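Reading through the structure tokens given below for one structure.
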Amino acid sequence: MEDFEQLRRAIREHDRRYYVEAAPTISDREYDALLERLRALEAEHPDQVTADSPTQRVGGEPITGFRTVDHARRMYSIDNSYDEEELTRWAQRCFEAIDPELLRINERLAELDDRESQLKGKRDAESKASREALVSERAALLQDRLNCLSVAASEGYPLPGGYVAEPKVDGVAASLRYERGALVQGLTRGDGYRGDDITHNLRTLRSVPLVLEGDAPEIFEVRGEVYMPREEFDRVNREQVAAGVEPFVNPRNATAGTLKQLDPKNVEGRGLRLVVHGAGERSDDLVLTSHVELVNAAASYGLVTSPLSRPCDTIKEVVEYVDWFEKEKASLPYNVDGVVVTVNRFDLQERLGYTSKFPRWRLAYKYATEQAATELLDIEWQMGKTGKLTPRAKMAPVFVAETTVQHATLHNVGELRRKDVRIGDTVIIEKAGEIIPQVVRVLDPERADRGQPVELPTVCPSCGAALVMEYDQRRQNDLAQWSKRVEREKQLAAKQSREPEPIPEPPPLTELDESGRYCPNPACPAQLKERLWHFASRGQMDVDGLGEKVIEQLLAADLVGGYGDLYRLHTKREALLALERMGEKKADNLLAGIEASKTRGLTRVLAALGIRHVGSTASRILAEQYGSIDALTAASIAELESFQIDGAESGIGPEIARSLYEYLHSDLGQAILADLRAEGVELTEEQPAPAATEGPLVGRTLVVTGTLERHSRNEAHDLIAKAGGKAASSVSAATDYLVAGEKAGSKLDKAQKLGVTVLSEEAFEQLLGLSKLAADERR
Ligand SMILES: NC(=O)c1ccc[n+]([C@@H]2O[C@H](COP(=O)([O-])OP(=O)(O)OC[C@H]3O[C@@H](n4cnc5c(N)ncnc54)[C@H](O)[C@@H]3O)[C@@H](O)[C@H]2O)c1
Ligand SMILES: [Zn+2]
């Protein structure tokens, strides 16, 4: 029984990491195997199955910081299948529950069973005759049933209305509620019954219309997938790394991590999209009879649906689609992990119903993630600009998921030890949603002639400084709280004059809990190279002509030892010209690039310094708010931590605040900033006019045209700004809405040509939540 509870606890812990923290520590395949084991155990002990078992409900508890809201209709997960046979068996079950001929036969068979039990024990002639008739009718019926099923199988279990096959976009499920056409609420799936209110974040998605086009119904709750295209994922991860934050494992986790941001500003630039694939509550004025009609209706209201959705008459057509799509999916700009198959007609869906966790009328076909086996040749340690040394597996080249790979990340020492990879091992690597391949496991950990565990560096390979270990935050908290808990129990026991209850101490931190090894030496050459490169790159100081190679040359020739030296390079023109392949023109270009970077402003400087946890978003918010490095330095740590903009949390968490504060008040940080100031680098930022950071129009651009009845043009622009939106003067592809009054002219034509949503004055007011007010005034 111990095993049972342990398994459940482990799965819940993985659920939390996956759904709540968006940072899973095992692969999906490993997770699915755990769940399967629990399912098998529960099948053996059905009395042990509880309603909150992970086999009975979808994962995910509420995220702190968000309001939890009941779903109007429950959000289910989808059962998985991994081969065509499973898919076909599912179609057969659907067919048997729906086909009128089979239903008639089954009903009659049940009747015959009843009659037979009535006749039991009766020996009179009439009963005997009845029994004989019954037996022969049953034989005939069973034969009919067989014939019926074999015809159905050969036809591919055709259903009236058919099936629909659609890409299973690998993202995060969301439910969006529209009332009278206006978006009023957006929720995550949560545990299926209650989700987190992420309305403010969903509003920033361009593919989420704030107002539906056309004649929208009273209530329309759509369900869809929020996802991050691969290109955006790469960019976001580059920014994470630049900010010294752990990169996301795959686009799905990046999406989940983004949606749980408290500040919608942090969501806006992440390129999330929504594709609609279902519905929750609908009012009766929306008459729909099938999934295809539902998807078409959603599209007609301006929602995005999948262009690759395909109606299929039979499961055979579905299988063809699955095969075709397996090759096709690589060319899509986003990740797809399978195909979702849905019974099209709503009345049939209703008849099929639900299990405790899944609809019976829908099934996911999951493509196998591509894995490959290869030999582990070496573990390399890569230096980052914050001094973190990251282990990377170097492997014999192997072809997997369309590319040849020879490196896989191992993230940190903890993971290296948990997976216990050793040089010479055959390792299984996987490329699922991830762009960077992962080491899944060692193929044969029992092999007798394995090498020794990988030796860990204790000093920096570049400068020789003793490395500093960091450990998993949760484990540290557990340990820290233990002594407090013991203390509390002692006091309580003393008060009640009894012996204190023993509280078991959590196991001490080991290599397994390590999250990073750092070189603490600020002058470390390996770090210096990474830092200078970061400093000069595009999102930061954007220094033309200063690439990786040039930085290496400058360091080798001892021409720079820090950021300030870059700005003094012009005094060393001769030495610069002496570098290999550095002509007059190139040198002038480099010096001009360095000079030009002086006026980038405080936002860029902060981001460029590579302060741990301080990325470009935090830098922008802080620079704009404080305006100068002096003001920022004068801020207390408490002020930074509880940093607020217009009552909304800014997303400057305690980690960022602490790290920045420490930097600004360290000797090193002060020396660097003084040096930059002396060289004339601007350390101020213009403070923009305060724009609302919350409101229904955050991230939207609107154009007002024609004469409005109840608002002047200026008033309308004010309303837009107050609601967090931007008012522009001309219509372009970047326009989200055109508010058109009387005598709207060329702008209206242009908007229609570009497919921009056009709002009447009333719809505009509704969008701003003013409609009731306006209606009252009119009365
Ligand atoms: N690695 C871990 O620690 C860990 C932990 C928990 C869960 N997981 C993984 O999460 C998965 C289970 O998550 P799940 O319950 O969200 O199920 P799922 O992601 O396998 O499938 C259900 C979801 O698919 C989405 N979907 C995408 N396209 C769709 C379409 N066209 N039509 C309908 N739905 C569509 C829906 O949002 C729906 O909620 C498993 O693969 C499991 O391995 C991993
Ligand atoms: Zn070092």
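The values are calculated or read from the model by the stated rules, or taken from the named source; none is laboratory data. The model shown is predicted, which means the values in this text are computed figures rather than measured ones. Don't worry about glycine lacking a Cβ; one is built from the backbone with ideal geometry, like all the others, and counts go over all protein chains shown.
Only one of the numbered conditions (1) within 16 Å of ligand 1 (Cβ to nearest atom); (2) out of contact with any Leu (no Cβ under 7 Å at 6 or more places or on another chain) is not met by Ala448, and that is (1). When the criteria are applied in full, Asn344 meets the requirement of being more than 12 Å from ligand 1 (Cβ to nearest atom), more than 20 Å from Asn80 (Cβ to Cβ), surrounded by 18 or more Cβ atoms within 10 Å (Cβ to Cβ) and at pLDDT 95 or above. Being at pLDDT 90 or above, within 16 Å of ligand 2 (Cβ to nearest atom) and surrounded by 15 or more Cβ atoms within 10 Å (Cβ to Cβ) is not true of Leu546. I'd like the residue in segment 26-44 that is within 20 Å of Glu415 (Cα to Cα) and touching a residue at least 24 places away in the same chain (Cβ under 8 Å) and, out of all such residues, is nearest to ligand 2 (Cβ to nearest atom). Going through the qualifying residues, I end up with Ser27. Figure legend. Inter-residue proximity from segment 4-19: first residues of a type in the set (D, E, K, R), second residues away from ligand 2 (no atom under 16 Å from the Cβ) and in a helix (DSSP H, G or I), beta-carbon distance below 9 Å, spacing 6+ or different chains. Indicated pairs: Arg8/Leu38; Asp15/Tyr31.
Regarding Asp28, is this residue within 12 Å of ligand 1 (Cβ to nearest atom) and under 30 Å from Ala153 (Cβ atoms)? It is false that Asp28 is within 12 Å of ligand 1 (Cβ to nearest atom) and under 30 Å from Ala153 (Cβ atoms).
Here is a yes/no grid of residues against (1) among the aliphatic types (A, V, I, L, M); (2) under 22 Å from Gly278 (Cα atoms):
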| site | (1), (2) |
| --- | --- |
| Ser127 | no, no |
| Ala133 | yes, no |
| Ser136 | no, no |
| Leu142 | yes, no |
| Arg145 | no, no |
| Gly156 | no, no |
| Gly161 | no, yes |
| Val172 | yes, yes |
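For Lys388, state whether it is basic (Lys, Arg), in contact (Cβ under 8 Å) with a residue 24 or more places away in the chain and within 16 Å of ligand 2 (Cβ to nearest atom). Against the criterion (basic (Lys, Arg), in contact (Cβ under 8 Å) with a residue 24 or more places away in the chain and within 16 Å of ligand 2 (Cβ to nearest atom)), Lys388 qualifies. Name the one entry in Gly257, Gly271, Gly338 that is buried (at least 17 other Cβ atoms within 10 Å of the Cβ) and part of a strand (DSSP E or B). It is Gly338. Being surrounded by 13 or more Cβ atoms within 10 Å (Cβ to Cβ) and part of a loop (DSSP other than H, G, I, E, B) is true for just one of Ala733, Ala744, Ala721, Ala763. Which residue is that? Residue meeting the stated conditions: Ala744. Scanning segment 224-248 for residues that are under 30 Å from His71 (Cβ atoms) and buried (at least 19 other Cβ atoms within 10 Å of the Cβ) turns up Gly224, Glu225, Val226, Tyr227, Met228, Glu232, Phe233, Val236, Phe248. For segment 347-372, name all the residues that are surrounded by 16 or more Cβ atoms within 10 Å (Cβ to Cβ) and within 30 Å of Val439 (Cα to Cα). Within segment 347-372, Leu363, Ala364, Tyr365, Lys366, Tyr367, Thr369, Gln371, Ala372 qualify.
Being over 30 Å from Glu239 (Cβ atoms) and not assigned by TED's automatic domain parsing to the domain that holds Gly610 is a description that applies to Pro453.
Here Thr25 meets the list (1) within 18 Å of the chain's Cα centre (by Cα); (2) assigned to a helix (DSSP H, G or I) almost entirely, failing just condition (2).
Looking at Gly564, Gly539 in this structure, which one is of a type in the set (Gly, Ala, Ser), part of a helix (DSSP H, G or I) and either farther than 23 Å from Lys388 by Cβ or in contact (Cβ under 8 Å) with a residue 60 or more places away in the chain (or both)?
On the way: Gly539 fails: part of a helix (DSSP H, G or I).
The unique qualifying residue is Gly564.
Kindly establish whether Glu514 is loosely packed, with under 15 Cβ neighbours inside 10 Å and more than 16 Å from ligand 2 (Cβ to nearest atom). No.
Taking segment 354-364 as the range and being of a type outside the set (S, T, N, Q) and at pLDDT below 95 as the test, the residues that pass are Tyr354, Lys357, Phe358.
Out of everything in segment 388-445 that is among the small types (Gly, Ala, Ser) and farther than 25 Å from Val245 by Cα, what residue ends up being surrounded by the most Cβ atoms within 10 Å (Cβ to Cβ)?
So the residue we want is Ala401.
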